[in-house]
Structure formats: C-alpha cells, structure tokens
1. To the nearest Å, what is the center-to-center distance of the stretch 1-47 and the stretch 63-83, using C-alpha atoms only?
2. So, with a 1.4 angstrom probe, what is the percent of accessible area on the stretch 10-86 that is carbon and sulfur?
3. Residue farthest toward the positive end of the dipole of the stretch 69-123, with Cβ of Lys/Arg at +1 and Asp/Glu at -1: which of GLY99, CYS78, TRP122?
4. In sequence order, what are the phi-derived ³J(HN,Hα) couplings for the stretch 49-65 according to the Karplus relation 6.51 cos²θ - 1.76 cosθ + 1.60 with θ = phi - 60°, rounded to whole Hz, with x for glycine and proline?
5. Which residue, chosen from ALA33, VAL20, LEU55, occupies the Cα position most advanced towards the positive end of the dipole of the chain, where the dipole is computed from +1 (Lys, Arg) and -1 (Asp, Glu) charges on Cβ about the Cα centre?
6. Could you size up the charge dipole of the chain around its Cα centre, putting +1 on the beta carbon of Lys and Arg and -1 on that of Asp and Glu, and report it in debye to the nearest 20?
7. How big is the chain in terms of Cα radius of gyration and Dmax, in angstroms?
8. In µm²/s, what is D for the stretch 47-117 at 10 °C and 1.306 mPa s, where D = kT/(6 pi eta Rh) by Stokes-Einstein and Rh is the Kirkwood radius from Cα pairs?
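The values are calculated or read from the model by the stated rules, or taken from the named source; none is laboratory data. In this text the structure is predicted, and so the values were computed from the model without any measurement. Here the Cβ positions follow ideal geometry from the backbone for every residue, glycine too, while neighbour counts run over all protein chains shown. Surface accessibility is based on the protein's heavy atoms, side chains included, excluding ligands, DNA and RNA. Shrake-Rupley method; radii C 1.70, N 1.55, O 1.52, S 1.80 Å.
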Amino acid sequence: MSLEALESLLAENRGGVYFVPGGADAKALHKLAKASGYAFFHIDGKNITRKEQLLNHAATAMRFPDGFGHNWDALEECLTDLEWVDGDGYLIYYDHIDGLLAAHPDQFETLVEILRDAVASWKEDGEAMVAVLSGTKGPKGVSKLRDT
C-alpha cells in the first residue's frame, strides 16, 4: 500500500473506516500519524479470534482506563471519548483481521458499526478518526483504501 491515500485523508482531516488488502507497515503508519499530529494505535490481530481477545488488545493498545467494561458499549464509549490521548485526530490500525472475521463475522460487523459511529462522533466535534483494517479478505461494506 502506498501511504499517499492515507496521507491525504489525514491532511484533509477526513475520517472513515477503510480496508487495506495484505496489510501495511505499522511503523510507517505510526510515523505518518505522528507527522500529521494524530495519535496512533496498532491492534495486532494475529492471535485474535474472539471478541474478548479483541477487546483486551484494543484496551491495551489504546490505553483504555482501568474501569473499561470489556463489552461493545464500553468500547464505543472509549472510542468516542479518548480524553487521555493527545492528538489532533486518531489513527487506528488493526491488522491480521482474518482470524476474528472468519470465526465470528457477526462480531466483526458489530466492530465495524462501532468504528463508524466513533468516526461520525469525532467528525461532529471537528476531529478525525481513521480506522484502517487489513487482512486477506475485506470486511463486508468496508471501502478499500485506494491510492490517489
């Protein structure tokens, strides 16, 4: 993946949920986020096949407060708050989505809905959240991030 499309999204403060086939270099994404003033979070999905594992990984990667409830509602609350994070926007990179997507497509669909709701919430506040999902197969209804 060329970083040009993502760089354009960040520069224009446009949020969204996108799919990148095959993955991207997490270090390069982190560098790009930092240069754009965005906070960066990497959720490594290599060993994630269940909702509970995803929530644990997300809580660790995004430094959720100790009282995080480990359920979908708590995830959405944290994603739409992030008061403990410094940044002009937020870039979430969840790679190796295949495990959870294959094992529990319904749960993955719920995750995508929550990410979209969080993106919309931040947009209302004038900030951007971008979620980049990568794996071998794209989730239903998620646009592929294309080079400009």
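1. About 21 Å separates the Cα centre of the stretch 1-47 from the one of the stretch 63-83.
2. Roughly 45 percent, rounded to a whole number.
3. It is GLY99.
4. 10, 9, 3, 4, 5, 4, 4, 5, 5, 5, 4, 6, 4, 9, 6, 4, x
5. VAL20
6. 640
7. 13.9, 41
8. It diffuses with D of about 125 µm²/s by this estimate.
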